[in-house]
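Have a look at the structure below before the remarks.
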Amino acid sequence: MSIAVVPVAGLGTRLLPLTKSKPKEMLAVGRKPVVHYIVEELIENGVDQILFITGAGKTSIENYFDLNESLVNMLRERGKEDALAELQLDYMPVKYYFTRQRQLLGLGHAVQSASDFITDQPFVVALGDSIIHGGDAKLLSRMQACFDKNECAAVIAFETVPKNEVYRYGIAHPKTDDDIFELADIVEKPTVEDAPSQLAVAARYIFNPVIFEALQRTTPGAGGEIQLTDAIRLLIQDGHRVYGVRLTENERRFDIGSFPSYYRAFIEFALADPMYGEDLRKYVSDLLKGES
Ligand code: UTP
């Protein structure tokens, strides 16, 4: 596994006005922006080329992964070694590429924008607004092992969500009850009554390039968007095998796409800060005591 596609072109309308002039993928979670965690996760799992699918107003993501030589030189000259270390320059050896999704036609269309970049090798898709945290950070490696073992067109990460939240996600219809399972089907945003399980797509995928052909045949759904889930469904209907890998008990997906989940993510990461977490814990606890 060496290539990952990270779609970051979406408008983030659920986070307005915060996202009016700042990409949601650059929002701070603790000390770092969301995309920094994603790049760390990709590197830890063997990715060495990252293609961002960007759009208007997303240049701060390109700037973030640029070397920024003048800042580095200034910090060196002033002897600010701690600040230099915080920049974590060792991430720079990864190769970053950027292309634009020229029309915002949904996540499926964003992935399709990578088709000229991918030749015949499998590739990871990691959504730019979701952090996978906890456990041994090896979800993608487990997915890759599943991909290598089974002749399949795709492997998708799934997390269990409460029943009343299934309508927000792509939901698996698993063939078995195992941690790694083959999919009988996948449904985009089902009603609670129609949901085949509580297993929701968790922002990480590995695809065989055959997905591009399926995406081309996928007709736009609600709001004129090309849904990635619908293309995966086509793969299954064509007789391709698609597998699911469950997040472990210790792995969590932090979705930065809405205010409630963004707030939760920020608080959890800030409370875990090695330097300031403990004081913050006391502050929050006093604050809550004052409320009761
Ligand atoms: P979302 O499904 O949350 O969509 O994107 P969105 O448009 O960003 O947000 P809302 O619904 O308006 O609040 C999941 C990931 O896919 C990317 C987003 O940038 C985000 O990282 N995405 C989504 C694209 O790259 N292109 C799209 O057309 C849609």
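Yes or no: region 244-251 includes at least one residue that is among the acidic types (D, E), in contact with a Phe, Trp or Tyr (Cβ under 8 Å, 6 or more places away or on another chain) and closer than 24 Å to S141 by Cβ.
No; the residues of region 244-251 include none that is among the acidic types (D, E), in contact with a Phe, Trp or Tyr (Cβ under 8 Å, 6 or more places away or on another chain) and closer than 24 Å to S141 by Cβ.
Restricting the search to region 10-40, which residues are in a loop (DSSP other than H, G, I, E, B), open to solvent by less than 10 Å² (accessible area, probe 1.4 Å) and among the aliphatic types (A, V, I, L, M)?
Result: L27, single match.
Just checking, does region 77-98 include any residue being open to solvent by 50 Å² or more (accessible area, probe 1.4 Å), at pLDDT 95 or above and within 14 Å of the ligand (Cβ to nearest atom)?
Yes; the residues of region 77-98 include at least one that is open to solvent by 50 Å² or more (accessible area, probe 1.4 Å), at pLDDT 95 or above and within 14 Å of the ligand (Cβ to nearest atom).
I'd like to verify a number: residues in region 194-216 that are under 21 Å from Q121 (Cα atoms), away from the ligand (no atom under 14 Å from the Cβ) and not in a loop (DSSP other than H, G, I, E, B), how many?
8
Would you check which residues across region 131-158 are more than 17 Å from P209 (Cβ to Cβ), touching a residue at least 40 places away in the same chain (Cβ under 8 Å) and small (G, A, S) and list them?
G134, G135, A137, S141, A157, listed by residue number.
Taking region 1-33, which residues are in contact with a helix residue (DSSP H, G or I) (Cβ under 7 Å, 6 or more places away or on another chain) and near the ligand (Cβ under 10 Å from one of its atoms)?
V5, V6, P7, V8, A9, G12, L15, P23, K24, E25
If you check I236, I256, I226, I211, which single one turns out to be in contact (Cβ under 8 Å) with a residue 60 or more places away in the chain, among the β-branched types (V, I, T), more than 27 Å from L18 (Cβ to Cβ) and out of contact with any Cys (no Cβ under 9 Å at 6 or more places or on another chain)?
Of I236, I256, I226, I211, the one residue that is in contact (Cβ under 8 Å) with a residue 60 or more places away in the chain, among the β-branched types (V, I, T), more than 27 Å from L18 (Cβ to Cβ) and out of contact with any Cys (no Cβ under 9 Å at 6 or more places or on another chain) is I211.
Here are some conditions: (1) surrounded by 19 or more Cβ atoms within 10 Å (Cβ to Cβ); (2) closer than 23 Å to F259 by Cβ. S60 meets all but one. Which one does it not meet?
(1)
How many residues does region 154-165 contain that are within 17 Å of D230 (Cβ to Cβ) and in a helix (DSSP H, G or I)?
0
The conditions are (1) of a type outside the set (K, R); (2) more than 8 Å from the ligand (Cβ to nearest atom); (3) part of a strand (DSSP E or B), and I43 fails exactly one of them. Which is it?
The one condition I43 does not meet is (3).
Out of all the residues in region 8-26, which are among the small types (G, A, S) and in contact with a strand residue (DSSP E or B) (Cβ under 6 Å, 6 or more places away or on another chain)?
A9
Taking D179, is it in contact with a strand residue (DSSP E or B) (Cβ under 7 Å, 6 or more places away or on another chain), in contact (Cβ under 8 Å) with a residue 60 or more places away in the chain, open to solvent by 10 Å² or more (accessible area, probe 1.4 Å) and within 16 Å of the ligand (Cβ to nearest atom)?
For D179, the condition - in contact with a strand residue (DSSP E or B) (Cβ under 7 Å, 6 or more places away or on another chain), in contact (Cβ under 8 Å) with a residue 60 or more places away in the chain, open to solvent by 10 Å² or more (accessible area, probe 1.4 Å) and within 16 Å of the ligand (Cβ to nearest atom) - is not met.
The values are calculated or read from the model by the stated rules, or taken from the named source; none is laboratory data. Only a predicted model underlies this, so the values are computations on that prediction, with no experimental measurement involved. Virtual Cβ from ideal backbone geometry, glycine too; neighbours counted across all protein chains shown. What goes into the accessible areas is simple: the full protein's heavy atoms, side chains included, and nothing from ligands, DNA or RNA. Shrake-Rupley method; radii C 1.70, N 1.55, O 1.52, S 1.80 Å.
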